[in-house]
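No lab work stands behind these numbers, since they all come straight from the coordinates. Model, not experiment: these values are computed from the prediction. For neighbour counting, all protein chains shown are included, and Cβ atoms are generated from backbone atoms with ideal geometry for every residue, glycine included.
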Amino acid sequence: MEGPSPRERGAAGPRFPPPTPGGTIPARLGRVLKVWQPGWPKADHATEPSAEYAYKISKTQANAVTTKTLKQNGEYRVTHTLYDGLFRERQTQAPAYGTTHTILTETRYDTRGWAWKNFAPPLRLR
């Protein structure tokens, strides 16, 4: 009969390496870095994923995830999501379609950690 596993004995789990100097997280931490959607096979588009993610984890700056999604014209749409120290979404930044402007949304939290204020651009109906 085998003895208890290291986790059952209360042994510490694996220690993860720190982020690389550029702020990206190695794929071995389980975070998704690149995605190829059905109909866009990796074998045919090895350097052009449908979506690509970059992670920035910092003790002194905002944590962020940068998402690049492939558009129909072959260019990438880049969005940024910023998180606070508790990894709650604080701000999103995305390009406005048809312009060079950026759309910002922001969420603020109360002392209980509940979202109490959301700032979003006004909706324009045509």
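Under 5 Å between amide hydrogens, which residues at least 5 positions from residue 103 or on another chain qualify, with H placed 1.01 Å from N in the peptide plane?
The answer is 94, 96.
Within a Cβ distance under 13 Å of residue 54, other residues only, what is the Lys/Arg minus Asp/Glu net charge?
In short, +3.
Please report the base-10 log of the normalised intensity I(q)/I(0) for the range 27-119, using a Debye sum with one equal scatterer per alpha carbon and no solvent, at each q in 0.25 (1/Å).
-1.25
By average Cβ neighbour count within 10 Å, what is the ranking of 95-106, 62-73 from highest down?
Peptide ranking by packing, descending: 62-73, 95-106.
Would you please put 33-40, 45-52 in order of how densely packed they are, using the mean number of other Cβ atoms within 10 angstrom per residue and starting with the highest?
45-52, 33-40
Using each residue's phi in the range 38-50, evaluate 6.51 cos²θ - 1.76 cosθ + 1.60 at θ = phi - 60° and report the 3J(HN,Hα) Karplus result to the nearest Hz, with x for Gly and Pro.
Couplings: x, x, 9, x, 5, 4, 8, 9, 4, 9, 10, x, 5 Hz.
What net charge is computed for the residues neighbouring residue 81, neighbours being all others with C-beta under 15 Å from the C-beta of residue 81, Lys and Arg scored +1, Asp and Glu -1?
+2
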